[in-house]
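Quick notes on the structure that follows.
The values are calculated or read from the model by the stated rules, or taken from the named source; none is laboratory data. Keep in mind it's a predicted model, so treat the numbers as computed, not measured. Neighbour counts run over all protein chains shown; Cβ positions are idealised from the backbone, glycine included. Ligands, DNA and RNA are excluded from the accessible area calculation, which covers all protein heavy atoms including side chains. Shrake-Rupley method; radii C 1.70, N 1.55, O 1.52, S 1.80 Å.
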Amino acid sequence: MSDSVSPTRRRTLIWLLRTSGTALFAALVYPVMAYLKPPKVTGDAVSSVRVGAIDDFTPASGTLFRFGNRPGILIRYEDGSFRAFSATCTHLDCTVQFKKDAGIIWCACHNGKYDLNGRNIDGPPPRPLDEFDVIEKGGEVFVTEA
Amino acid sequence: MRQWLNDRMDLDAVVSFAKKKTVPAHRHSVWYYFGGVTLFLFIIQVVSGILLLFYYRPGEDTAFESIRFLMSKVHFGWLIRSVHSWSANLMVLAAAVHMFSVYLTRAYRRPREITWVTGVLLFYLSLAFGFSGYLLPWNELAYFATKVGTDIAGSVPFVGGPIMELLRGGEQVSGATLSRFFGFHVALFPAIFTVLLAIHLLMVQRQGMSSPIGEEKNPKARSIPFFPNFFLRDVLLWLIVLNILAILAVFFPWELGVKADPFAAAPAGIVPEWYFLFMFQVLKLLPAHVLFLEGEVFGVLLFGTAMTLWIFIPFFDRQSQKGQRGRLFTIIGLAVIIFILFFTILGWVML
């Protein structure tokens, strides 16, 4: 470029280059970022599931079931009543299990412990398990989003 | 033939460079071998990984089955897979030894900052290779390791949620996660790794080996020719490593385990690979709440910050930049090593 180019003109050209460069960059990055974000898959969201017949569950037991794409745990107490929780540990996402001998809900990954009401009582879990509503109808157990 | 190649590739320049290259000889010379060992194991990873690709079929319904087929029907399939898994572990170990020896001998100091930065990034990428490769057999351990690992990423304040979704390809660990991890493991990471490795090795060749502070000004400092003296020792050690690898792969073949079931509870006694064990142990021991943060968030921020600062160590260590010996960074380095060893052993004992 010759020296006769005025500073203003140079500044304008640089500004144009930078702006269009940024715009080009954004135009390339945005679609890629949007592409990487997975779309919502229909069928993932479930509001109610049938877990089984009441008689399938012995008192003082815990059973894992599918709630859409998430695992849930159905607890049947000694007195025959039910409560259901999300089976996803509130600590780091592992799936919990019913431990009959200790009478707790237990996460094997980091030794997190919950009582049978889903309250975090020991180990790293920071909050209780999320709870579902249990409906008993026609001899069957249904679980719905609380 | 040689003349024909020489006219086009200037081989003489390479030969004369190799002739001039020397390696310092002193009481810390043993540490010079670990970079080469890491490179050797990386080459084994590339070769065995490509071989696995010929039979592996990613996908929720096919991944586990294809590896079972590989291990039970394909000639030497068990061996190739076992070599790939064991070599990955040995590579992380060799890279860790290499990194800490470079740290403690201050080989990162001016003008080798770029070599350090690329080296640390290569190390982190090796861990990422380990993490992404672990899921590919789609077994129970891999499934929960990935749930925990991606949930840890998700616990980072503000950006964590989107990052977790980006890694998982959805809200849960699923077949979509497997596809993504496969892409990371065989395409994205190798591409980045290759570029970083090229820079790393180019810097080492251009700058030569670093001598520890003190040695470089020692008038009696000795050195040996790289070719053939040091090179032959390198090759001998590679042979020994290959033997260790063969023994491990043959006598302790890598298990396949149980196929992942997203609706089964995590199995008792589940632990991550040994190189993540210290983080696992710390996260396990942290209480549910530290200050105003959840325990895991605190832990993740702690490790994240430490790992980021580690990349920039050469720029903090002003004393070594001036060629002076200083205690502070030796103490920091030893503290990091002791911390890692302590919690690794603790994790082992408390299994």
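Here are some pairs, A:LYS100/A:LYS137; B:LYS147/B:LYS284; A:LYS113/B:LYS259; A:LYS113/B:LYS284; which of them have Cα atoms lying more than 20 Å apart in this structure?
Values: A:LYS100/A:LYS137 27 Å; B:LYS147/B:LYS284 15 Å; A:LYS113/B:LYS259 26 Å; A:LYS113/B:LYS284 12 Å.
Violating the 20 Å limit, Cα to Cα: A:LYS100/A:LYS137; A:LYS113/B:LYS259.
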Practice prompt. Using the heavy atoms of the protein chains and a 1.4 angstrom probe, tell me the accessible area per residue for segment B:205-332 in square angstrom.
Written response: 60
Worksheet item: With each label point set 7 Å from Cα along the Cα-Cβ vector, what nm distance links B:GLU113 and B:ILE247?
Response: 4.4
Item to complete: Once you have all Cα-Cα distances for segment A:49-124, histogram them in 5 Å bins from zero and send the whole-percent values.
Response: 3, 17, 29, 24, 17, 8, 2
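Under a Cβ-Cβ cut-off of 15 Å, what is the net charge of the residues other than B:LYS73 that fall near it, where Lys and Arg count +1 and Asp and Glu count -1?
Value of the local net charge: +2.
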Fill in: Anchor A:LYS40: aspartates and glutamates whose Cα lies under 16 Å away (excluding residues fewer than 8 positions away in-chain)
B:GLU165, B:GLU171
Discussion item. With a 10 Å cut-off between alpha carbons and a GNM built on chain A, which of A:TYR77, A:TYR114, A:TYR30 moves the most?
Written reply: A:TYR30
Item to complete: Restricting things to alpha carbons, tell me how big segment B:1-106 is in terms of Rg and Dmax, in Å.
Response: 20.5, 56
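May I ask you to give the solvent-accessible area per residue for segment B:30-152, in square angstrom, as obtained with a 1.4 angstrom probe?
On the way: 4880 Å² over 123 residues.
Roughly 40 Å² per residue, with all protein chains present.
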Response to the item:
The alpha-carbon center of segment B:128-186 and that of segment B:297-324 are separated, in whole Å, by 27
Worksheet, complete the sentence: Output row, site B:PHE227, 7 Å Cα→C-beta label point, backbone N cut-off 20 Å, window segment B:24-63, residues B:24-25, B:33, B:35-37, B:39-40
Response to the item:
In whole percent, the fraction of accessible protein surface over segment A:19-144 that belongs to carbon or sulfur atoms, probe radius 1.4 Å, stands at 57
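Relative contact order of chain B: what whole-number percent is it, with Cα pairs under 8 angstrom and at least 6 residues apart?
Details: 339 pairs, mean separation 93.9, N = 351.
For chain B, the relative contact order is 27 percent.
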Worksheet entry | Whole-angstrom gap from segment B:32-75 to segment B:211-283, using each part's C-alpha centre | 17
Practice prompt. Using +1 at the Cβ of each Lys and Arg and -1 at the Cβ of each Asp and Glu in segment B:1-123, identify which of B:LEU122, B:GLY35, B:THR62 lies farthest towards the dipole's positive end.
Written response: B:GLY35
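Write down the Kirkwood hydrodynamic radius of segment B:99-179, to one decimal in angstroms, obtained as one divided by the mean of 1/r over all alpha carbon pairs. Before the final figure, lay out the partial values.
Working: mean 1/r = 0.0688 Å⁻¹.
Radius from the Kirkwood sum: 14.5 Å.
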Item to complete: Can you work out the accessible area per residue across segment A:50-146, with the rest of the protein chains kept in place, probe 1.4 Å, in square angstrom?
Response: 43
Response to the item:
Simple SL model, points at 7 angstrom along Cα→Cβ for A:ALA102 and A:GLU78; separation in nm is 2.0
Worksheet item: In peptide A:87-100, what is the residue-averaged number of other protein chain Cβ atoms found within 10 Å of each Cβ?
Response: 6
Practice prompt. Under a cut-off of 16 Å between alpha-carbon atoms, report the lysines in cross-link reach of B:LYS220, not counting same-chain residues fewer than 8 places apart.
Written response: none
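Put B:LEU291, B:LEU242 in order of accessible area, largest first, 1.4 Å probe: what do you get? Could you put the intermediate results ahead of the total?
Numbers: B:LEU291 150, B:LEU242 80 Å².
Order by accessible area, largest first: B:LEU291, B:LEU242.
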Fill in: Residues of segment B:161-203 with amide N under 15 Å of a point placed 7 Å along Cα→Cβ from B:THR62
B:175-176, B:178-180, B:182-183
Item to complete: Quick one: which residues, 5 or more positions from A:CYS94 or on another chain, have an amide H under 5 Å from its amide H? H modelled 1.01 Å from N in the peptide plane, none for Pro or chain starts.
Response: A:CYS89
Worksheet item: Build a GNM of chain B with springs between Cα atoms under 10 Å: which of B:ALA142, B:ALA176, B:ALA335 gets the top mean-square fluctuation?
Response: B:ALA335
Worksheet item: Roughly speaking, what % of Cα-Cα pairs in the protein assembly as shown are separated by over 28 Å, rounded to a whole number?
Response: 64
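When the accessible area of segment B:223-346 is split by element with a 1.4 Å probe, what percent falls to carbon and sulfur? Can you show the working numbers first?
Details: 5510 of 7230 Å².
That share works out to 76 percent.
Between B:LYS19 and B:LEU236, what FRET efficiency follows from the Cβ-Cβ distance if R0 is 22 Å, with the result rounded to 0.05?
Working: r = 21 Å, r/R0 = 0.95.
For R0 = 22 Å, the calculated efficiency reads 0.55.
Per residue of A:107-114, how many C-beta atoms from partner chains lie within 10 Å of its own C-beta, taken as a mean? All intermediate terms of the calculation are to be shown ahead of the outcome.
Details: counts 3, 8, 15, 11, 3, 2, 0, 0.
Whole-number average of other-chain Cβ neighbours for A:107-114 is 5.
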Item to complete: At 7 Å along the Cα-to-beta-carbon direction for both B:PHE54 and A:SER20, put a label point, then send me their distance in nm to one decimal.
Response: 5.1
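Where in chain B are the DSSP H helices whose alpha-carbon span along the long axis reaches 24 Å or more and whose Kyte-Doolittle mean is at least 0.0?
Answer set is B:33-53, B:77-104, B:113-135, B:189-207, B:231-251, B:295-311, B:328-349.
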